[in-house]
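The values are calculated or read from the model by the stated rules, or taken from the named source; none is laboratory data. Small disclaimer: the values here were computed from a predicted structure and weren't measured. Here the Cβ is made from the backbone with ideal geometry for all residues, glycine too, and neighbour counts use every protein chain on show. With ligands, DNA and RNA removed, areas are computed over all heavy atoms of the protein, side chains included. Shrake-Rupley method; radii C 1.70, N 1.55, O 1.52, S 1.80 Å.
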Amino acid sequence: MTYSTKNINVEPVRLLLIDDEKDFVNILSKRIKRRNIDVAKAFSGAEAIQMLRHQEFDVAVLDLKMEDMDGIEVLKMLKIMSPRLAVIMLTGHGSAEAAEQGLKLGAFDYLAKPCVLQELLDKIMEAYAFRRQSD
Amino acid sequence: MTKDNHLTDHYLRSLNRNIILIIIIVSVIPLILVSGTIYYQFRASYHEKVYDHLRELVQSHSQNIDSYLQEKLSDIRFLTDSCGREKLTDESFLQERLAVLQKDFGKDFVDLGVINAHGEQIAYAGPFKLGKADYSGSEWFRKSIQSEYFISDVFLGLRGVPHFIIAVRNNRGGISWILRATIDFVAFTSLVENIRLGQTGFAFILNNKGKLQTTPMARPSMDMIDSKNIYEEFVTKQQISRGKICIATRSDSSRHKNIYVAASIKNGDWLLVYQQRIADAFADLRKTFIITTALMFMGLLGIIIMAFTLSKTIVERVAKADLEKQMMSKKVVESGRLASVGELASGVAHEINNPIAIMVEESGWIGDLMEEEEFEKSENRAEIERAVEKIQYHGNRCKEITSKLLSFARKTDTTVHDVNIKELLEELVALSSQRAKYGMVEIETDFQQNLPSLRASTSEFQQVFFNLINNAIDAMHHDGGTLTISSRQRENYLVISVSDTGEGIPEANLDRIFDPFFTTKPVGKGTGLGLSICYGIIEKMGGKLEVESTVGKGTTFLISLPFQPDSDRQQ
């Protein structure tokens, strides 16, 4: 276990998971929660936007490929609503173009999906640290 | 494979043999028939010609001899008839007559003698002092006293010199007397001696006892003439008769085959025989035979050489054509089919991606939970942890496959810039060298200098060549080999070939090697996506990826890429 958030962070990271694959969001949130991160689940772009209206998040993990809305559109909305939100994009293979576009729109970084949990966690911590720094 | 080669070898060998046999049979039989017939005909007519010539020769000479004898006989008869006994018994008159005869006929007449009915010589003219010799006991006298005239065989007589006698009996006035003339043997022999042909042809005369009447002056000694047998041959076997010419062939004592031509002369008393060795008589024929045979053998040799070279050429062509046919079964992939398969594959991969991710995460969750204290004492804890690990491992394998599938179908996502082909290839070779060394594979490179740069994506390019190089090394994993990479500029195209000396791809598989998921590697060792990804990338760059393979010899992948890619395709 290289992960150390449990001990260092008093205030858990507030994470928003956005993916329309419910089972995936559920299990991922369970596993992330276990690592002392505060996870909220959104099963669609619309839901994510609604949640963002009532709650503040440090980091969002956004699947770029969803049924109802294009991930890029969601990203644009998120950035408008919460400019300081660090967004990590999950991209399928062969959509590097979209990822690059996302980076231009202000996303923090992207990961190819499916990704190893540890990588995602590292990326989340990185994004969180980045957000803290920019405060 | 070896069985195939064996069969092919066997087939080619029998083809070779058949061609040679057919050519030889078809050309040799007419050659032999034609030459044989011509030679046979020529030989027959030449024999005929030689025989005719000899027959004519013997005939004319036999006539000559006959007329010579006749002439001598007439001279003597004339002498007896015209002069009468009284005059002729006068030795001086006789001497005179002899002189006249010798003047007219040269030395043919040696002497003249008159013999009374009792065999006593009563007058003589000639060089020998025979005087009153008594001939009553000699055979010629007994014969000549019984007939009107008589020509004797050659004998030594009283004087011990070979000669023969012409005797004419005269009965005029009731008293029988004989005028006898001796004919010079040498003069007579020269008549026969004149008959000479070639190197061994000569003539001689035999009497009715088979005794030689002339001395052949030619080389062959007397005993070379098998006179007794020759006489028997003509007289007893062939029943030679007057005016008839007979021909016989037989071996003489020195085992040479001789041709004998005989004519009967002197009313059948004597036999004029002409003898010549067959080899000599037919020397021209022999020469012709040798020339013909030599020509025929040269012809045969020519045919045989031609048969061998021709058949070799044909068989080589056939073998080459077979090989080419095998090579030609290279893959020409229908890009449409491949594209649709690729799309389907990437769609499937995408759909599968999420479930796999969920499964992996769920198993990860189990792993997380196993860390709880309540399970610490569970006896199956180790088993569960192992199972979780396996799920993770195989989940990751699935992810690898799907990610490859997706990269196969993905749109251009890497930036295109000028690529230095030579540098890039050298870099790739350097990267692969370790793996090649491990597989006992030698890498040979042949890069054209000063290749123009190509607009392409470096990572895609790398992907293609890594795949091809790895495949090549895998193909030679049994006992190593040589991997040859070459790059060339061919008009507006960059042509890169990657050749291995591995086991080759069977024809049946050649059609499918670019299909996604087609692999001959054991389950779990290969995804079957490498080549289809390469194919996709090269197609997208506006190029062509082709394969040529011969089982047992190796495989060559040929990539041709345009230096100026169609910009529409790049989008």
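Some values worked out for this structure:
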quantity: Environment charge of B:Ala475, counting only residues whose C-beta is closer than 12 Å and scoring Lys/Arg +1, Asp/Glu -1; calculated: -2
quantity: Delta accessible area of at least 50 Å² on complex formation, residues of the stretch B:341-389, 1.4 Å probe, chain isolated as reference; calculated: B:His350, B:Asn354, B:Ile358, B:Glu361, B:Trp365, B:Asp368
quantity: Of every Cα-Cα pair in the protein assembly as shown, the percent that sits beyond 47 Å; calculated: 59 percent
quantity: Euclidean distance between Cα centres, the stretch A:61-135 to the stretch B:230-301, Å; calculated: 124 Å
quantity: Whole-percent pair-distance distribution, where bins are 5 Å wide, for the alpha carbons of the stretch B:421-529; calculated: 2, 11, 20, 22, 20, 16, 8, 2, 0
quantity: Bins of 10 Å, starting at 0 and running to the largest distance - Cα pair percent for the stretch B:103-205; calculated: 15, 44, 27, 11, 4, 0
quantity: Inverse of mean 1/r across different Cα pairs in the stretch B:275-319, Kirkwood, Å; calculated: 13.1 Å
quantity: Of all accessible heavy-atom area on the protein assembly as shown, the percent that carbon and sulfur account for (1.4 Å); calculated: 54 percent
quantity: Cα radius of gyration and Dmax for the stretch B:3-186 (Å); calculated: 35.2, 120
quantity: Antiparallel bridges, percent of DSSP beta bridges restricted to the protein assembly as shown (to nearest 5); calculated: 75 percent
quantity: The stretch B:32-76 and the stretch B:135-202: distance between their alpha carbon centers, rounded to Å; calculated: 28 Å
quantity: Kirkwood-Stokes translational diffusion coefficient of the stretch B:1-83, alpha-carbon pairs, 10 °C, 1.306 mPa s, µm²/s; calculated: 81 µm²/s
quantity: Protein heavy-atom accessible area occluded, A/B pair - total, 1.4 Å probe, Å²; calculated: 2000 Å²
quantity: Descending semi-axes in whole angstrom, ellipsoid equivalent of the stretch B:195-281, from the Cα gyration tensor; calculated: 19, 13, 12
quantity: Diffusion coefficient, µm² s⁻¹, Stokes-Einstein with Kirkwood Rh over alpha-carbon pairs of chain B at 10 °C and 1.306 mPa s; calculated: 45 µm²/s
quantity: Three semi-axes of the equivalent ellipsoid, the stretch B:233-323, Cα gyration tensor, whole Å, largest first; calculated: 58, 11, 10
quantity: Interface residues in the stretch A:15-48 - accessible area drops by 10 Å² or more relative to the isolated chain, probe 1.4 Å; calculated: A:Glu21, A:Asp23, A:Phe24, A:Ile27, A:Leu28, A:Lys30, A:Arg31, A:Arg34, A:Arg35
quantity: Mean separation of Cα contacts under 8 Å (6+ apart) over length of chain B, as relative contact order %; calculated: 10 percent
quantity: Accessible area (Å², per residue) of the protein assembly as shown, counting only protein heavy atoms and a probe of 1.4 Å; calculated: 53 Å²
quantity: Amide H within-cut-off set for B:Leu197, under 5 Å, with H built and near neighbours excluded; calculated: B:Phe202
